[in-house]
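Data block below; observations after.
The values are calculated or read from the model by the stated rules, or taken from the named source; none is laboratory data. Only a predicted model underlies this, so the values are computations on that prediction, with no experimental measurement involved. In this analysis, Cβ positions are derived from the backbone assuming ideal geometry, glycine residues included, and neighbour counts consider all displayed protein chains.
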Amino acid sequence: MAVDEQNELPKATPREAELQRQLDGIQSQVTELNRARIYVTENPKLSSEVQSLKEKLNEHSKQLEQSAGKLSQLESENLNL
């Protein structure tokens, strides 16, 4: 992370800020999918939708892990600059 010379606090680069926004968006989607999963499990007629949501949840979880890894890597690279 870049350092703000006035306050000596780390400041996110534009790329890090974008990755953080993406992480926040994916986390929000995962939260919504979890809410939907709970609702759907209470309504057995929606089993096909449950399967679809499970697949989306798994996909978003993988994306979240990848984005978190990228963010961590960028933070490490910035510390070395």
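Annotations
- Yes/no for Ser28 being surrounded by 11 or more Cβ atoms within 10 Å (Cβ to Cβ), at pLDDT 85 or above, small (Gly, Ala, Ser) and not in a loop (DSSP other than H, G, I, E, B): yes
- Scan of the stretch 1-25 for residues that are surrounded by 12 or more Cβ atoms within 10 Å (Cβ to Cβ), modelled with pLDDT of 85 or more and over 16 Å from Ser72 (Cβ atoms), ordered by number: Gly25
- Selection of the stretch 34-61 for residues being among the hydrophobic types (A, V, I, L, M, F, W, C) and modelled with pLDDT of 90 or more yields only Leu57.
- Scanning the stretch 35-53 for residues being among the acidic types (Asp, Glu) and surrounded by 14 or more Cβ atoms within 10 Å (Cβ to Cβ) gives a total of 1.
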